[in-house]
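See structure below.
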């Protein structure tokens, strides 16, 4: 009797409320925090922080108070979707645990504030505050750098090392400032003595070392004026920009961007202020009256890899390039790991994913063209041609006062353009090449570019009775007769410019040209597919008959290749070897073109006609991975019912007078002179740049960084932890660039001076140059870092001032010898109680060999060169397809290593062996390895052996029959000092051994000695 009563009373009582702290939080802590807690937030969901948990993550609202059925968290723990069941690892939650969480949510999800972790914004980190110039320690030391360094040494009970000997110091300065040894025959004068003429340092001159009159500041000034200074220091920046001469990925074809590399070299040589250096690289094209150089500078953001594999989505890899640009700016300019926030909030630094995409939005509104550019001499030549052309045209106008009336009559004589209806198509006919529909009805070919292509477009018919109206007076105008959907007498093909094509197109060839082998049309007539016949074709331009195709488009067996280009009639002659060509020559080839194809008789297109337009493009080369295409780039196809239509000679808004004057027979002599001038127009080159879009793109926060999962739309902005944007700032790249180099930017100046310091001493004041954030290393000398950053900005962001400041300090000029006690106390020289000593970079190793041997070609600037390299590297299977590594046959192969062609997938072996990065990602700090392969490379590589032979020749000539003098001469060339007796004896012994063993299979004796000298540790080490 009592038991039933107790049960009834229990059932009548209200259920105890679920307590978050006692009942829910233990479940979350044990089962959820591992993936959604402090150390990890998968799907952007964090469950130990109340605001974050209630906000939800990538899959929506995790917790909806009062509605457990609508809460994504409940869906996950119940396993409604097996792919989203949580927890992923381990056993699922028990029924009781699920019921507890559901009950808590249904009761309103009460969550005490005291039970939520508190997130620290961590904005007080030292690197997030603008640098303030500290006071220089007053310890009786004149040079500010030495004052900071020696003050710290005193605190550690250490003293600075004595000054290095002059020979070591001179060589150190040469290697650091020029990347060349001081005895290079290509250098005119390298050292200055006080109150005396410049000392010529050459193979035959005595070393100025140990001279009490050696004027180091004057030497530094002279070295900073050398054009080789820019070559040396550009290499560091090119690492950060991850410059390369190829696109990367599977096919890895060559690209043309060496104009950007030369811009960087020239910028360093003319000491372009670093703030302007950054502004021009991020937004040079947006500066008022931007020059060619300023536009070329935007190639900084075009060094990303480009994927042109068949079947790719161009937008996917555009976004990959965008992520890469953000990472590059973060590492190379800001010194922050902002790339971590592509997929989620930064785990350590106070940068949110939303702030990442707000910065991203500044860079997301650009086209990516190959722009035609000219060298200085070419620009002058081009200017003279254009000026002379204007003068000749002005002369015609002056001699013919009635020219305007005559031109007006000529325009009236042109056949009026009919109404053209743009055709739309049912499917993508590309076959690997992506045909992207544009808002104006045109098609833009992107992605993979086959060398030979034939595309067919099935015309999409308009609904109802719309379409192309029939000509007046035709039977179709009878209202009682149902007209066909379309009546067509002629087709028009428009070739259009586009900033996403080489040289702005209109073709896809490396020069922006194209060739149309055949224009065809078919339709079903009486149920049978029938080829339509064209009786006439006109165009506003066509090449002369039997014009040879360009060399890059030739078949592999060039002798058998009979293909030619010519006038528009070649596009309807049915011959596979002929094609309509549009190359009017340099300066005039990259303009819009139009062609009209007239049918033998009009056609009536009905719903079942299956009208198909074909474009045959068979005039490309044999290797689609080597820029050998001649395909159309952007084009639009339209139709008209008007009979006997013709191409518009003024298509593309051409200037009228140049077209008109060519129609006047009596002006033939002047027209011929103008044509002769145009044939002298420089070819120019192309380079990758940025170009602002007319229509801005929408930028969204991408869930998990996936371009297929756009979230909320974001506007431009910057991280709140850094300096703020100015009021009323617009959304241009120029605004972003100016923000980066603002005086109150916390990291910009610090990051750069730290990398310069790293280049001199092997390690920066901050050991993690790419990360000044919370997880980055603390600066070894924080006050010195801030002093240098402020000094850098105070002196107009002058890099040459910064260089001179560092190299004239005793800290830099110290002897590099180390005692066992000092090595134990400071193995990595962080306290700087001694001078730097480490192997030089890979490029300098090679350049030293070329310089001391006398082979070095010291020409500055120009295309990438291809020294001897193993042929198999550029053939299958090492390369995806044959790559045209054409070994230089002239002294171009002896150019400095900064000019060696950089192919990402098969980098030049000599350089990669010495840790030179391959350019796939931004590199702020190179690795420095020491392996047997490096010795094998410098002993046996083709140019290394040639350098040894040439060095031996120089030694023999200088020795004049005296072996000891010859060896001393070679030793001095390699180390910039004279050998001591022991060293001389060892080398003479080697020479004697080689003389005794000399035969046809061994190296000549002096070459063997030269080879040993080139491989001395001292030769390739900065002492």
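Residues considered: 746, 769. Of these, the only one that is in contact (Cβ under 8 Å) with a residue 60 or more places away in the chain, closer than 24 Å to residue 153 by Cα and either surrounded by 18 or more Cβ atoms within 10 Å (Cβ to Cβ) or not assigned by TED's automatic domain parsing to the domain that holds residue 367 (or both) is 769. The helices (runs of 4 or more DSSP H) found wholly in the stretch 768-865 and carrying at least 3 residues that are modelled with pLDDT under 95 occupy 820-825.
Of all residues assigned to the stretch 360-369, at least one qualifies as being farther than 30 Å from residue 124 by Cα, in contact (Cβ under 8 Å) with a residue 12 or more places away in the chain, surrounded by fewer than 19 Cβ atoms within 10 Å (Cβ to Cβ) and out of contact with any helix residue (DSSP H, G or I) (no Cβ under 9 Å at 6 or more places or on another chain). Inspect the stretch 970-985 for any residue being within 46 Å of the chain's Cα centre (by Cα), more than 30 Å from residue 816 (Cα to Cα) and crowded, with 19+ Cβ neighbours inside 10 Å and give the result as yes or no. Scanning the stretch 970-985 turns up no residue that is within 46 Å of the chain's Cα centre (by Cα), more than 30 Å from residue 816 (Cα to Cα) and crowded, with 19+ Cβ neighbours inside 10 Å.
Here the stretch 294-313 is the region considered, the condition is being in contact with a helix residue (DSSP H, G or I) (Cβ under 6 Å, 6 or more places away or on another chain) and either not assigned by TED's automatic domain parsing to the domain that holds residue 249 or not in a loop (DSSP other than H, G, I, E, B) (or both), and the residue that is nearest to residue 326 (Cα to Cα) is 301.
So that you can scan it fast, the table gives a plain yes or no per residue for (1) closer than 26 Å to residue 787 by Cα; (2) surrounded by fewer than 18 Cβ atoms within 10 Å (Cβ to Cβ):
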residue: 805; (1), (2): yes, no
residue: 810; (1), (2): yes, no
residue: 816; (1), (2): yes, yes
residue: 820; (1), (2): no, yes
residue: 833; (1), (2): yes, no
residue: 836; (1), (2): yes, no
residue: 850; (1), (2): no, no
residue: 857; (1), (2): no, yes
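When the stretch 242-261 is filtered for residues that are in a helix (DSSP H, G or I) and surrounded by fewer than 23 Cβ atoms within 10 Å (Cβ to Cβ), only 258 remains. Here the stretch 526-538 is the region considered, the condition is being part of a strand (DSSP E or B) and free of Cβ contacts under 8 Å to residues at least 24 places away in the same chain, and the residue that is surrounded by the fewest Cβ atoms within 10 Å (Cβ to Cβ) is 528. Answer yes if at least one residue in the stretch 689-699 is within 27 Å of residue 797 (Cβ to Cβ), assigned to a loop (DSSP other than H, G, I, E, B) and touching a residue at least 24 places away in the same chain (Cβ under 8 Å), and no otherwise. Yes: the stretch 689-699 contains one or more residues that are within 27 Å of residue 797 (Cβ to Cβ), assigned to a loop (DSSP other than H, G, I, E, B) and touching a residue at least 24 places away in the same chain (Cβ under 8 Å). For the stretch 120-143, a residue qualifies if it is in a loop (DSSP other than H, G, I, E, B), closer than 30 Å to residue 51 by Cα and touching a residue at least 12 places away in the same chain (Cβ under 8 Å), and the qualifying residues are 121, 122, 123, 125, 129. Every condition in (1) surrounded by 19 or more Cβ atoms within 10 Å (Cβ to Cβ); (2) closer than 30 Å to residue 267 by Cβ holds for residue 863 except the one numbered (1).
Residues in the stretch 77-92 that are surrounded by 13 or more Cβ atoms within 10 Å (Cβ to Cβ) and assigned to a helix (DSSP H, G or I): 77, 78, 84.
Checked against the criterion of being under 40 Å from the mean Cα position of the chain (by Cα) and either surrounded by fewer than 18 Cβ atoms within 10 Å (Cβ to Cβ) or under 30 Å from residue 791 (Cβ atoms) (or both), the stretch 65-76 has no qualifying residue.
Entry remark, the stretch 93-109: residues being part of a loop (DSSP other than H, G, I, E, B) and either at pLDDT below 90 or more than 52 Å from the chain's Cα centre (by Cα) (or both) number 4 in total. In the stretch 883-899, of all residues being under 23 Å from the mean Cα position of the chain (by Cα) and either in the same structural domain as residue 247 (by TED's automatic domain parsing) or assigned to a loop (DSSP other than H, G, I, E, B) (or both), the one that is surrounded by the most Cβ atoms within 10 Å (Cβ to Cβ) corresponds to 896. So is residue 621 in contact with a helix residue (DSSP H, G or I) (Cβ under 8 Å, 6 or more places away or on another chain) and either surrounded by 18 or more Cβ atoms within 10 Å (Cβ to Cβ) or within 25 Å of residue 581 (Cα to Cα) (or both) or not? Here the answer is yes, as residue 621 does meet what is asked.
Inspect the stretch 646-656 for any residue being in contact with a helix residue (DSSP H, G or I) (Cβ under 9 Å, 6 or more places away or on another chain) and surrounded by fewer than 20 Cβ atoms within 10 Å (Cβ to Cβ) and give the result as yes or no. Yes, the conditions are met somewhere in the stretch 646-656.
A count restricted to the stretch 13-35 and to residues that are closer than 30 Å to residue 707 by Cβ and either surrounded by fewer than 19 Cβ atoms within 10 Å (Cβ to Cβ) or in contact with a strand residue (DSSP E or B) (Cβ under 8 Å, 6 or more places away or on another chain) (or both) stands at 2. State whether one or more residues within the stretch 675-683 are free of Cβ contacts under 8 Å to residues at least 40 places away in the same chain and part of a helix (DSSP H, G or I). Within the stretch 675-683, one or more residues are free of Cβ contacts under 8 Å to residues at least 40 places away in the same chain and part of a helix (DSSP H, G or I). When the test is whether a residue is surrounded by fewer than 22 Cβ atoms within 10 Å (Cβ to Cβ), touching a residue at least 24 places away in the same chain (Cβ under 8 Å) and in a loop (DSSP other than H, G, I, E, B), residue 638 does not pass it. Among the numbered conditions (1) more than 21 Å from residue 325 (Cα to Cα); (2) outside any loop (DSSP other than H, G, I, E, B), the only one that residue 724 does not meet is (2).
In this entry, residue 280 passes the filter for residues that are within 26 Å of residue 745 (Cα to Cα) and surrounded by 19 or more Cβ atoms within 10 Å (Cβ to Cβ). Might you check whether a residue that is out of contact with any strand residue (DSSP E or B) (no Cβ under 9 Å at 6 or more places or on another chain), over 28 Å from residue 642 (Cα atoms) and either modelled with pLDDT of 95 or more or outside any strand (DSSP E or B) (or both) occurs anywhere in the stretch 562-577? Within the stretch 562-577 (the criterion being out of contact with any strand residue (DSSP E or B) (no Cβ under 9 Å at 6 or more places or on another chain), over 28 Å from residue 642 (Cα atoms) and either modelled with pLDDT of 95 or more or outside any strand (DSSP E or B) (or both)), the answer is yes, since at least one residue qualifies. Against the condition assigned to a loop (DSSP other than H, G, I, E, B), in contact (Cβ under 8 Å) with a residue 40 or more places away in the chain and surrounded by 19 or more Cβ atoms within 10 Å (Cβ to Cβ), how does residue 590 come out, does it pass? Answer is yes for this residue. The set of residues in the stretch 712-727 that are more than 12 Å from residue 358 (Cα to Cα) and surrounded by fewer than 16 Cβ atoms within 10 Å (Cβ to Cβ) comprises 724, 726, 727.
Looking for whichever is buried (at least 19 other Cβ atoms within 10 Å of the Cβ) and assigned to a helix (DSSP H, G or I) here; the options are 146, 151. Which one fits? Among 146, 151, only 146 is buried (at least 19 other Cβ atoms within 10 Å of the Cβ) and assigned to a helix (DSSP H, G or I).
The values are calculated or read from the model by the stated rules, or taken from the named source; none is laboratory data. The model shown is predicted, which means the values in this text are computed figures rather than measured ones. So basically every Cβ, Gly included, is an ideal-geometry build from the backbone, and we count neighbours across all protein chains shown.
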